[in-house]
Amino acid sequence: MLDFNYKQLDTSTNFLTVGAGALWADIIPYLDKYNRSVYVMQTNNSFTVGGSVSANCHGWQPNTQPIASTVESFRLINANGELLTCSRYENQQLFSLVLGGYGLFGIILDLKLKTVPNELYKCKQYIINSSDYVNEFLRVTTDKNVRMAYGRININPQNFMNESIISTFVIDTNIKKEDISKTSFTKLRRTVFRSSVNSNYGKNLRWRAEKITARLISKKVFSRNQLLNESVEVFQNTDPRYTDILHEYFIPKDSVNQFIELLKTVIPKYDVDLLNITVRNVMKDESTFLKYANTDVFGFVMLFSQQRTAAAEKEMERLTKTLINEAVSLKGTYYLPYRLHASKEQFNIAYPQAAAFFSLKLKYDPQEIFQNSFYLKYK
Ligand SMILES: Cc1cc2nc3c(=O)[nH]c(=O)nc-3n(C[C@H](O)[C@H](O)[C@H](O)COP(=O)(O)OP(=O)(O)OC[C@H]3O[C@@H](n4cnc5c(N)ncnc54)[C@H](O)[C@@H]3O)c2cc1C
């Protein structure tokens, strides 16, 4: 779909019409020319819009629903080869099935997305005890001027998960364009980040460096587009013997402390190399059928480095199954774009809409033209 990358901003409505194959890395510079920005997207710019809405991604935009909430409409080629417009008013059921539907209902050709102003933000950071995470996150983000926020939990084994840093980006109308930070932290972040692979010394060093960086970037000025336009290069593994594995669990806000306590005891029991935990909140999803945010939740994103061996794969599968059980026991869910380690039973418990989702799939695509490994495993 990468060639379907046309972009057209309607400056009277501020809706962006965009081909489904366009990357955020192209869209952000395009919107920047109009001083507009993306409403909801992932932490990094390396993905297509079509892939992003098909997973129904979310990011650092606090107190917002996932990306589906920012989709006004899209055009879909269905299993009969017909071109349909889907929105909250037209083909509503398909609209809710396609968003977060992993390509199983047709091919999205292009979309109409809401945009927001490209504002200037000052960064503010808070170093807190992890047990205060939810209260602090909700306290600092009640300020309507806080437009982006995320937190990191310390994964240094000596002080595992006891401390966190919350970063917020706050509108300040006194800021002038000349104040925008010229510093790129990407290179520094990558060097410090990758040195922590397989090394407790590196993990300790990284947490200390993150705290120092927190002080350095505090009060610096960033534009929204500058923050969103970062590639995955910061984390990316380049050693062919290893791969990076992501997990994400969505936990209702009242159970976040319990989940942090569970992670503290569960993760050290497995032979895995945890590099990073990022936590941000996602509001109840009102748009999609197969939802991961059935209520207001906090998403725990975990990044692991994994050896490319059968034994390491098995160990990661064991850990994933355990963490899914723990998340589900707290009425949480797990994110679907990653490895297919969940059992069928776990998928059905975490996603009670699954049976209806697959029967609607057969209604709209009786010959099962659109398939993928996820469908073949869980249907
Ligand atoms: C390093 C990394 C960081 C990430 N960070 C985040 C994050 O911060 N927040 C978050 O929510 N997610 C995150 N993700 C997950 C990411 O959002 C999803 O994997 C997303 O689907 C990736 O988009 P893509 O363009 O690579 O999609 P692809 O992998 O190409 O496709 C994903 C799915 O969408 C379907 N699809 C793609 N295009 C279309 C189309 N035009 N029509 C119909 N179906 C289509 C595909 O068939 C497939 O099922 C991250 C992933 C990685 C690897």
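The helices (runs of 4 or more DSSP H) falling completely within the stretch 273-378 that include 1 or more residues that are within 30 Å of Ile127 (Cα to Cα) map to 310-329.
When Ser359, Ser343, Ser373 are checked against the criterion of being over 13 Å from Glu248 (Cα atoms) and within 12 Å of the ligand (Cβ to nearest atom), a single residue qualifies: Ser373.
If you filter the stretch 3-23 down to residues that are among the hydrophobic types (A, V, I, L, M, F, W, C), within 9 Å of the ligand (Cβ to nearest atom) and under 22 Å from the mean Cα position of the chain (by Cα), you find that the one that is surrounded by the most Cβ atoms within 10 Å (Cβ to Cβ) is Ala20.
With respect to (1) assigned to a helix (DSSP H, G or I); (2) closer than 23 Å to Thr142 by Cα, the lone exception for Thr265 is condition (2). Any chance the stretch 61-77 includes a residue that's open to solvent by 30 Å² or more (accessible area, probe 1.4 Å), of a type in the set (Lys, Arg) and more than 13 Å from the ligand (Cβ to nearest atom)? There is no residue in the stretch 61-77 that is open to solvent by 30 Å² or more (accessible area, probe 1.4 Å), of a type in the set (Lys, Arg) and more than 13 Å from the ligand (Cβ to nearest atom). Of all the listed residues (Ser46, Ser54, Ser37), the sole one being more than 8 Å from the ligand (Cβ to nearest atom) and either touching a Leu at 6+ places or on another chain (Cβ under 9 Å) or not in a strand (DSSP E or B) (or both) is Ser37.
Selection over the stretch 216-242 of residues that are more than 19 Å from the chain's Cα centre (by Cα) and in contact (Cβ under 8 Å) with a residue 60 or more places away in the chain gives a count of 10.
The residue of the stretch 84-116 that is least open to solvent (accessible area, probe 1.4 Å), among those that are polar (S, T, N, Q), in contact (Cβ under 8 Å) with a residue 60 or more places away in the chain and part of a helix (DSSP H, G or I), is Ser96. For the stretch 224-250, the set of residues classified as in contact with a helix residue (DSSP H, G or I) (Cβ under 8 Å, 6 or more places away or on another chain) and more than 16 Å from the ligand (Cβ to nearest atom) consists of Asn225 only. Of the residues Ser69, Ser46, the single one that is in contact (Cβ under 8 Å) with a residue 60 or more places away in the chain, closer than 23 Å to Thr142 by Cβ and hydroxyl-bearing (Ser, Thr, Tyr) is Ser69. When residues of the stretch 334-358 are filtered for being among the aliphatic types (A, V, I, L, M), out of contact with any helix residue (DSSP H, G or I) (no Cβ under 6 Å at 6 or more places or on another chain) and crowded, with 16+ Cβ neighbours inside 10 Å, how many remain? Result for the stretch 334-358: 1.
The values are calculated or read from the model by the stated rules, or taken from the named source; none is laboratory data. Not measured: the values here are computed from a predicted model. Neighbour counts are summed over all protein chains in view; Cβ atoms, including those assigned to glycine, are modelled from backbone coordinates with ideal geometry. Quick note on the areas: whole protein, heavy atoms, side chains included, nothing else; ligands and nucleic acids left out. Shrake-Rupley method; radii C 1.70, N 1.55, O 1.52, S 1.80 Å.
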